[in-house]
Amino acid sequence: MVEATPTRGLALRAATRMRVAAGPRRRAATLARALVALAVVAVVVVSLAALAPPACAAHAPGADSLRIRFELGASTDYTNELFYEDNFDSNAVFLNRKLLDSPQTLVGGVAFAQLEGTRGRRSTEFQLQNELHYGDLLQRDVLAGTLRSESSPDWLLQFTPSAEYLHDRTFDRNLEEWRTRAGVRVRRTLSDGSNFAELSASGDLLRSDGVGSEFVLDRNAARAAVAFERMPLLGPEWRLEYGFATRVFPDSGERDHFEHGVEGQLRLDLPGGRPLMLEGGAERRVTMRLAPTTRDNYWEGRAAAEADPGVGGSWSVRIRLEAEALHYDLEDSTLFFDYEVVRARVGPRLSSGGPWSVTVAPRAETLFSRLDPAEGYQELAGTVELEYLNPGSWWNATPAAGWRDYDEIPGSAGDAAFGLHSSYAFYELGLLADQTLPAGLRLRAFLNGRFEYHIDSAQDARSLYFSLDVRRLF
């Protein structure tokens, strides 16, 4: 187990003060780099759009097109968490428990613009879009482009650059971030038309500045991958991919690392044409040099199986099983400990044959940890998913309730001080809505609320997040 020393703590605080003090100088440079990155993305994709022939009025087969659309509107977000905190006097004598909350409301305007079209008799597609949010505490601008070209029926090339600027003043922060990313993908159709080979590469950079940036590490990253895929008209479908990534952190050289990863998917048809999906993956991360902690030296794996067998008529059964594991090269019992998680969800689904469907999905989850058994738990919950999907409307409501039971450390019965967690009952509700309104308006809403009632009432908690976005489409 690695422990922080007073000397390291003083050095960290000093470095944090130096970084925040340098904020005004770096902020100008950060903004300049963000603007340059946004301009580069715009120039790359717009220059391609300029090569597109004029749109044909009749839109005959094979004719190229050019389309521009806009969205203007407003959005608001509200988030709050309520929790208890022990209150002590100057002599460390316990006085009482205080109920604290952290409400935050954001209001802002939103603007979205998109340019898309084709050239070369639709052999090349391009798209440039920009989404701007300008609010009282949060300003964000994302510019992204896509170029997709089929030089022949057997070759596909795709290029996806993007840039983002963020100024976040929520929760006493004054954080600026800019991110740039570019990816390229080449796909080759093999002899029989059902097999494919794919090469891809991507890179991204992240820079931050201001109050709060001490918790956001600057990053330079690159990744390359090769994949093989089979997609016949009939029979099993599969995909296998290997990727290699490297990440360098200018603010924390000890976290520089390499990462190997492999992923696979398999789709089989059950009797009646119902699909069975199998997927899995694993990563191996290792630091470039000796690090004081083991957090970037580990193995991670995951696997899942999902099926939706029909029962008869409008009824089917949704089944999903998941497992994941994380194993460190050298674990400790405080932060970086090995664990395994298993999840299962099984329940009937009723479809009306129209826009409505209802799914009842009991679920179970358990976590095992050999070195830190206090983190282990078993959870049982019941969920109901109500969905309405129609042209211009999508509504999804998911109420849930359950019980999470934490493992008891031997010898700690009746003594809450031995564990960080206490078992609890929870109730939650999730809601998603995307609704077209008259006069060219569109409404999007998201709601998530959760209540926790612990055996140790000092750990009771409540949280609420709500987002509403209304736009005029042009």
Expected output is a single nm value to one decimal: the length gained when fully extending between E340 and V360, i.e. 0.36 nm times separation in residues minus the C-alpha distance. What is it? 4.6 nm
For L106 the rounded accessible area (nearest 10 Å², probe 1.4 Å, non-protein molecules ignored) is 30
How large is the charge dipole for region 209-322, taken about the Cα centre, if only the Cβ atoms of Lys, Arg (+1) and Asp, Glu (-1) carry charge, to the nearest 20 debye? 300
In the neighbourhood of P399 defined by beta carbon distances under 14 Å, the net charge of the other residues (Lys, Arg +1; Asp, Glu -1) is -1
Between Q114 and S65, how high is the FRET efficiency from 1/(1 + (r/R0)^6) when r is the Cβ-Cβ distance and R₀ = 22 Å? Nearest 0.05. 0.95
Within a Cβ distance under 10 Å of R122, other residues only, what is the Lys/Arg minus Asp/Glu net charge? -1
With a Förster radius of 22 Å, plug the Cβ-Cβ distance of S314 and N396 into 1/(1 + (r/R0)^6) and report the FRET value to the nearest 0.05. 0.70
Once W403 and L350 are pulled to full extension, the length gained, defined as 0.36 nm per residue separation minus their Cα-Cα distance, is 16.5 nm
Please calculate the 1.4 Å probe accessible area of T105, with all protein chains present, and give it to the nearest 10 Å². 70
Put a dot 7 Å past each Cα toward the Cβ at L447 and N195; how far apart are the dots in nm? 5.3
For region 390-395, take each phi angle, set θ = phi - 60°, evaluate the Karplus expression 6.51 cos²θ - 1.76 cosθ + 1.60, and give the result in whole Hz per residue in order, putting x for glycine and proline. 8, x, x, 9, 8, 10
Among S351, A425, L441, which residue has its Cα positioned farthest towards the positive end of the charge dipole of region 317-474, with +1 placed on the Cβ of Lys and Arg, -1 on the Cβ of Asp and Glu, and the dipole taken about the Cα centre? L441
If R0 is 30 Å, what FRET efficiency do you get for V211 and F258 from their C-beta distance, rounded to 0.05? 0.40
Could you run the Karplus curve 6.51 cos²θ - 1.76 cosθ + 1.60 with θ = phi - 60° over region 253-259 and give me ³J(HN,Hα) per residue in whole Hz, x for Gly and Pro? x, 5, 9, 4, 8, 10, 8
Return the loop-located trypsin sites (Lys or Arg not before Pro) in region 233-294 (DSSP other than H, G, I, E, B) with at most 14 other Cβ atoms within 10 Å of their own Cβ; answer none if there are none. R289
Given the candidates A305, S369, W403, the one whose Cα lies deepest towards the positive end of the charge dipole of region 276-433, counting +1 at each Lys or Arg C-beta and -1 at each Asp or Glu C-beta, is A305
About the Cα centre of region 329-387, what is the dipole size in debye to 20, counting +1 per Lys and Arg Cβ and -1 per Asp and Glu Cβ, all else neutral? 580
Pop a pseudo-label 7 angstrom from the Cα along the beta-carbon direction at both L321 and L473 and give the gap in nm to one decimal. 4.2
Give me the net charge of Q265's neighbourhood, meaning all other residues with Cβ under 10 Å from the Cβ of Q265; Lys, Arg count +1, Asp, Glu -1. -3
Spacing of the two label points (7 Å from each Cα toward its C-beta) at L100 and E300, in nm: 2.9
Per-residue HN-Hα couplings for region 357-369 [Karplus 6.51, -1.76, 1.60; θ = phi - 60°; Hz; x = Gly/Pro]: 8, 9, 10, 9, 10, x, 9, 9, 8, 9, 10, 10, 8
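The values are calculated or read from the model by the stated rules, or taken from the named source; none is laboratory data. The shown structure was predicted, so the numbers you read here are calculated from the model rather than taken from an experiment. Ideal geometry is used to build each Cβ from the backbone, glycine not excepted, and the neighbour counts take in all protein chains shown. Ligands, DNA and RNA are excluded from the accessible area calculation, which covers all protein heavy atoms including side chains. Shrake-Rupley method; radii C 1.70, N 1.55, O 1.52, S 1.80 Å.
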